[in-house]
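Below: one structure, written as structure tokens.
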Amino acid sequence: MALHFTSEQRLDDGILERAFILGEIPGTLWTPASAAPVPLVLMAHNNGLPKSDPRLIARARHTAAAGYAVATIDAVGCGDRPRSAADEQVRAELRRAMRADEPVDEIFESLVGPLVEHAVPEWRTTLDALLELPEIGGPVGYSGWTALGIRLAVLEPRIAAVGFFAGGFVPRAQREQAPQVTVPLLFLLQWDDEGNPRQRALDLFDAFAAKEKTLHANLGGHLGTPWFELQDGARFFGRHLK
């Protein structure tokens, strides 16, 4: 399957931003001004957010400026890609349950579990295509959505280091796979995340089998991750990808 660039622009900081399409998979690739092949960071947003989310773009540009190629895609059911009627029904039930302050674990399970299963093959197909580009030399890192990242880290031997955001529901299947994650790992936790139980995140961190794993916990809610964590993330990837 061939990757086709559909647009490109050179940003003020010298980063080249290019939209691409790979079959039915839409994505964006950011590359630094360096002419040499650079390592790649796959940057996944939480389920449902578009690849055009401003926070993701800011993370991507900062990481690219540190000397990495950065890629993101809209997987099945995410961003502007069509969702099935069943998927929309589950999302509506989730919104209703949250408004009524009812338990939502099983609803999340029925929503996020299939999203992960559908997204992983598309991310691996994207990785295959990106590593054929002359400006990308590997190795590969992953940053973002924890549930997807666990599954990718277990299945994809080309991923050498991972950075996870503790926010977002992690299905049972991925919690059970956590002991199989052995690559170096940086885990970001918002201590007061209103939608994600702190103890569940701490238990997940404890389950990872990586010999090098670091937990950064910061005060604040779900969207309060401090900007300096981007700098720490770049240093983390610098130790393992360069």
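The values are calculated or read from the model by the stated rules, or taken from the named source; none is laboratory data. Predicted model only: the values in this text are computed from it and were never measured. Ideal geometry is used to build each Cβ from the backbone, glycine not excepted, and the neighbour counts take in all protein chains shown.
Quick check on the stretch 126-142. Is at least one of its residues closer than 26 Å to Pro114 by Cα and of a type in the set (Phe, Trp, Tyr)? Scanning the stretch 126-142, I find at least one residue that is closer than 26 Å to Pro114 by Cα and of a type in the set (Phe, Trp, Tyr), so the answer is yes. Pairs are defined by a Cβ separation below 8 Å, a sequence spacing of at least 6 or placement on different chains, a first member in the stretch 196-222 that is aromatic (Phe, Trp, Tyr), and a second member that is at pLDDT 90 or above and surrounded by fewer than 18 Cβ atoms within 10 Å (Cβ to Cβ); the pairs so defined are Phe205/Leu215; Phe208/Pro179. Checked against (1) buried (at least 16 other Cβ atoms within 10 Å of the Cβ); (2) assigned to a strand (DSSP E or B); (3) touching a Leu at 6+ places or on another chain (Cβ under 7 Å), Gly27 passes all but a single condition, namely (3).
Those residues that are assigned to a helix (DSSP H, G or I) and either surrounded by fewer than 15 Cβ atoms within 10 Å (Cβ to Cβ) or over 22 Å from the mean Cα position of the chain (by Cα) (or both), I need them from the stretch 99-108; list them, please.
Within the stretch 99-108, Arg99, Asp105, Glu106 meet the criteria.
Among the conditions (1) under 17 Å from Ala234 (Cβ atoms); (2) in contact with a Phe, Trp or Tyr (Cβ under 9 Å, 6 or more places away or on another chain); (3) in contact (Cβ under 8 Å) with a residue 40 or more places away in the chain, Pro139 misses just one, which is (2). Against the numbered list (1) within 25 Å of Cys78 (Cα to Cα); (2) part of a loop (DSSP other than H, G, I, E, B); (3) in contact with a strand residue (DSSP E or B) (Cβ under 9 Å, 6 or more places away or on another chain); (4) among the charged types (D, E, K, R), Glu122 comes up short only at (2).
Is one or more of the residues making up the stretch 37-56 in contact with a strand residue (DSSP E or B) (Cβ under 6 Å, 6 or more places away or on another chain), under 28 Å from Arg235 (Cβ atoms) and among the hydroxyl-bearing types (Ser, Thr, Tyr)? No, every residue in the stretch 37-56 fails to be in contact with a strand residue (DSSP E or B) (Cβ under 6 Å, 6 or more places away or on another chain), under 28 Å from Arg235 (Cβ atoms) and among the hydroxyl-bearing types (Ser, Thr, Tyr).
Going through the stretch 196-241 one residue at a time, which ones are part of a strand (DSSP E or B) and either touching a Gly at 6+ places or on another chain (Cβ under 6 Å) or not β-branched (Val, Ile, Thr) (or both)? Within the stretch 196-241, Lys213, Leu215, His216, Ala217, Asn218 qualify.
All of (1) closer than 25 Å to Thr63 by Cα; (2) exposed (fewer than 14 other Cβ atoms within 10 Å of the Cβ) hold for Leu188 with one exception: (2). With the requirement that a residue be surrounded by 20 or more Cβ atoms within 10 Å (Cβ to Cβ), closer than 19 Å to Val70 by Cα and touching a helix residue (DSSP H, G or I) at 6+ places or on another chain (Cβ under 7 Å), what does the stretch 151-182 give you? Those that are surrounded by 20 or more Cβ atoms within 10 Å (Cβ to Cβ), closer than 19 Å to Val70 by Cα and touching a helix residue (DSSP H, G or I) at 6+ places or on another chain (Cβ under 7 Å): Leu152, Ile159, Ala161, Val162, Gly163, Phe164, Phe165. Just one residue in the set Arg18, Arg96, Arg10, Arg83 is free of Cβ contacts under 8 Å to residues at least 24 places away in the same chain, in contact with a Gly (Cβ under 6 Å, 6 or more places away or on another chain), surrounded by fewer than 18 Cβ atoms within 10 Å (Cβ to Cβ) and not small (Gly, Ala, Ser); that residue is Arg83.
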